[in-house]
Amino acid sequence: MTDTASQTETRPEREAMEYDVVIVGAGPAGLSAAIRLKQLDPEISVVVLEKGSEVGAHILSGAVLDPCGLDRLLPNWREMGAPITVPVRDDRFYMLGESGSMRLPNAIMPPLMNNHGNYIVSMGNVCRWMAEKAEELGVEVFPGMSCSEIVWGEDGRVAGVVAGEFGKNPDGTPGPGYEPGMELLGKYVFLGEGVRGSLSKQVIERFALGEGREPQKYGLGMKEIWEIDPAKHSEGRVVHTMGWPLEKNAGGGSFIYHLDNNQVYVGFVVHLGYANPYLRPYQEFQRFKHHPMVAELLKGGKRVAYGARAITEGGWQSLPKTAFPGGALLGCSAGMVNVPRIKGNHNAMLSGIHAAEAAYEAMSSGRAGDVLESYDTAVREGAIGKDLKKVRNVKPLWSRYGLTASLALGGFDMWTNTLGFSLLGTLGHGKTDAEATEPAKDHAEIAYPKPDGVLSFDRLTNVSFSGTNHEESQPCHLKLKDPKVPIGHNLPVYAEPAQRYCPAGVYEVVEKEGGPEFVINFQNCVHCKTCDIKDPSQNIVWTVPQGGDGPNYPNM
Ligand SMILES: Cc1cc2nc3c(=O)[nH]c(=O)nc-3n(C[C@H](O)[C@H](O)[C@H](O)COP(=O)(O)OP(=O)(O)OC[C@H]3O[C@@H](n4cnc5c(N)ncnc54)[C@H](O)[C@@H]3O)c2cc1C
Ligand code: SF4
């Protein structure tokens, strides 16, 4: 199983530091695990490594937070100055047509869709606050530290990670100020990288954690923060829409959350299982803002931030085994989003708590580096499993039968699941999102309106509102397994969809004298992971750039 020997030979000399638990990713999952470990035993040594320039810089969520995870972790959070101050007061669902809208009565929504008791938050700010709480307990939190490699133990287990490698030349050789980084070794290593984690992907593959499960499914979420006319702002209002502009081309929908200070989060999710390679998720989002209902809200306002991130959508049937030799997959590294609720933060926090409790129990009895089976059981049989299981058929019904039929059938199934049974059993997802892409010859191009610069913007202008920056003298972090595939195969067969699905305009096909050329503007990458997911040839591998690079989201 292990190729440790050959890896050791090619690895540069690195210092090593030992901890009880090493945590990759300062998201809600990783930080909850860190806090819980210290609550259980202040002597346990814990390090959290985060690739963003600061905690929160790479966090993008909706977000309406169900506080059930935080209630377990820090029951007094209301008295602790948490940036969670806007309760949901008004919950609305609309079905959109091109120029009209129909509000769905709240009464027909299954109870689990109700947002009463939830809060509109910036998860970036919640994570910044959680990191402070973790540090007060003695956790070492290191932002600006990309974890680029797994350190495999002699016995094949995950023994640690390499973090903090800086200063490579574009060709990968050490540059003048090269720093080889460090090996951070742990009795247990928790991967809390969020959706499509680059190390998690390797671990899932190596230990076949997804065997016997459905493939993971994803959506691409794009989000803008707007400051709007105070007269139109309604603090605590939550709006979700479905239908136009996606209609039959793809599944997905929008969210509009009114937080405080006259700000609204305007977001749009496109399910990545779409077939037509000509679809442009970003332009669907921009088009959506021209719907009369949305345009009226935003008119006179200004967009102050932009970002994008994939979201896991496979749910219960796609959840891999979450424990492996030496560690655990937390939160969306495994995929714990409740799709109809568009919520995963509560499950991310609960998973962190469960993983910490399992590791504490193991270390207390002298164990290290084994499989935390009790964590996997807690995820499956506890609150997370129950949350995901109830809604497991919504996504496959939507993919198979489209929006209208799935609303009726999915709604019915959620109602019966709330009562404790399902007439549908567990439906599968079938294809991966990459496999779902069909040849261009079977589809028509889609004409998108030009952005007007007022409500809608082109990709590069919007990327400048994400604070994204990558040091240009490093190797491109978007690796092609075979550099010939984009032009040799993807272009003739799929009209090279990377040009269209990337929400930051990173990929271009440029006409040159000798023929078309595939260009990767990696500096603009907002780390959404869509290319790693959707490339029909699975030829693009997203790897971490050097630490601190990427977006710098304010309060996403
Ligand atoms: C558009 C959108 C809207 C959403 N809306 C909601 C909502 O309203 N409510 C809700 O509850 N959920 C929502 N979700 C889902 C929710 O955001 C996720 O479930 C949640 O973020 C998962 O938490 P996590 O800790 O697992 O991962 P993340 O929050 O993604 O955190 C992972 C962290 O790890 C870091 N990292 C990753 N890889 C490495 C590495 N190799 N080295 C170092 N650091 C690394 C990342 O930079 C990041 O900071 C939404 C998601 C999206 C995309
Ligand atoms: S290059 Fe890939 S990860 Fe980066 S923004 Fe584009 S699709 Fe997302």
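Could you give me the residue pairs with C-beta distances under 6 Å whose first residue belongs to region 266-278 and is open to solvent by 10 Å² or more (accessible area, probe 1.4 Å), whose second residue is within 12 Å of ligand 1 (Cβ to nearest atom) wherever it lies, and which are 6+ apart or on separate chains?
So the pair list comes out as Val269/Gly219; Val269/Gly221; Val269/Gly252; His271/Gly219; His271/Gly252.
Please go through region 81-108 and pick out each residue that is open to solvent by 70 Å² or more (accessible area, probe 1.4 Å), closer than 28 Å to Ala29 by Cα and not polar (S, T, N, Q).
Passing the criteria: only Arg89.
Out of everything in region 295-314 that is among the hydrophobic types (A, V, I, L, M, F, W, C) and surrounded by fewer than 20 Cβ atoms within 10 Å (Cβ to Cβ), what residue ends up being farthest from the chain's Cα centre (by Cα)?
Among them, the one singled out is Ala295.
Gln499 is checked against (1) away from ligand 1 (no atom under 12 Å from the Cβ); (2) under 20 Å from the mean Cα position of the chain (by Cα) and fails just one. What number does that condition carry?
Condition (2) is where Gln499 drops out.
Taking helices (runs of 4 or more DSSP H) that do not extend beyond region 285-386, which have at least 3 residues that are under 30 Å from Pro245 (Cα atoms) and away from ligand 2 (no atom under 16 Å from the Cβ)?
Correct list: 292-298.
Between a first residue in region 295-310 that is closer than 19 Å to Gly221 by Cβ and more than 16 Å from ligand 1 (Cβ to nearest atom) and a second residue that is modelled with pLDDT under 95 and open to solvent by less than 10 Å² (accessible area, probe 1.4 Å), which pairs have beta carbons less than 7 Å apart while being 6 or more apart in sequence or on different chains?
none
Any residue at all in region 68-77 that's of a type in the set (Gly, Ala, Ser), under 18 Å from Val266 (Cα atoms) and in contact (Cβ under 8 Å) with a residue 40 or more places away in the chain?
no
Looking at Glu132, Glu165, which is the one that is of a type outside the set (Gly, Ala, Ser) and free of Cβ contacts under 8 Å to residues at least 12 places away in the same chain?
Glu132
Among the numbered criteria (1) at pLDDT below 85; (2) surrounded by fewer than 23 Cβ atoms within 10 Å (Cβ to Cβ), which one does Thr377 miss?
(1)
Name the residue, out of Lys484, Lys534, that is basic (Lys, Arg), modelled with pLDDT of 95 or more and away from ligand 1 (no atom under 15 Å from the Cβ).
Step by step, each of Lys484, Lys534 is checked, and only Lys484 is basic (Lys, Arg), modelled with pLDDT of 95 or more and away from ligand 1 (no atom under 15 Å from the Cβ).
Glu235 passes all but one of (1) within 16 Å of ligand 2 (Cβ to nearest atom); (2) surrounded by fewer than 22 Cβ atoms within 10 Å (Cβ to Cβ); (3) in a loop (DSSP other than H, G, I, E, B); (4) not polar (S, T, N, Q); which number fails?
(1) is the only condition that Glu235 fails.
Is it the case that region 145-155 has a residue that's within 14 Å of ligand 1 (Cβ to nearest atom), touching a Phe, Trp or Tyr at 6+ places or on another chain (Cβ under 7 Å) and of a type outside the set (A, V, I, L, M)?
Among the residues of region 145-155, not one is within 14 Å of ligand 1 (Cβ to nearest atom), touching a Phe, Trp or Tyr at 6+ places or on another chain (Cβ under 7 Å) and of a type outside the set (A, V, I, L, M), which makes the answer no.
Is it the case, given these coordinates, that Asn539 is more than 23 Å from His271 (Cα to Cα), more than 8 Å from ligand 2 (Cβ to nearest atom) and under 25 Å from the mean Cα position of the chain (by Cα)?
no
Does at least one position in region 45-65 carry a residue that is open to solvent by 50 Å² or more (accessible area, probe 1.4 Å), more than 30 Å from Lys529 (Cβ to Cβ), away from ligand 1 (no atom under 16 Å from the Cβ) and modelled with pLDDT of 95 or more?
No; the residues of region 45-65 include none that is open to solvent by 50 Å² or more (accessible area, probe 1.4 Å), more than 30 Å from Lys529 (Cβ to Cβ), away from ligand 1 (no atom under 16 Å from the Cβ) and modelled with pLDDT of 95 or more.
Let's see how each residue does on (1) near ligand 1 (Cβ under 10 Å from one of its atoms); (2) within 20 Å of Glu435 (Cβ to Cβ):
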| position | (1), (2) |
| --- | --- |
| Gly252 | no, yes |
| Asn262 | no, no |
| His271 | no, yes |
| Phe288 | no, no |
| Ser318 | no, yes |
| Val337 | yes, no |
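Output the residues belonging to region 529-556 that are touching a strand residue (DSSP E or B) at 6+ places or on another chain (Cβ under 7 Å) and among the acidic types (Asp, Glu).
Asp532, Asp549
The values are calculated or read from the model by the stated rules, or taken from the named source; none is laboratory data. Only a predicted model underlies this, so the values are computations on that prediction, with no experimental measurement involved. Neighbour counts are summed over all protein chains in view; Cβ atoms, including those assigned to glycine, are modelled from backbone coordinates with ideal geometry. We work out accessible area using only protein heavy atoms, side chains counted, and drop any ligands, DNA or RNA first. Shrake-Rupley method; radii C 1.70, N 1.55, O 1.52, S 1.80 Å.
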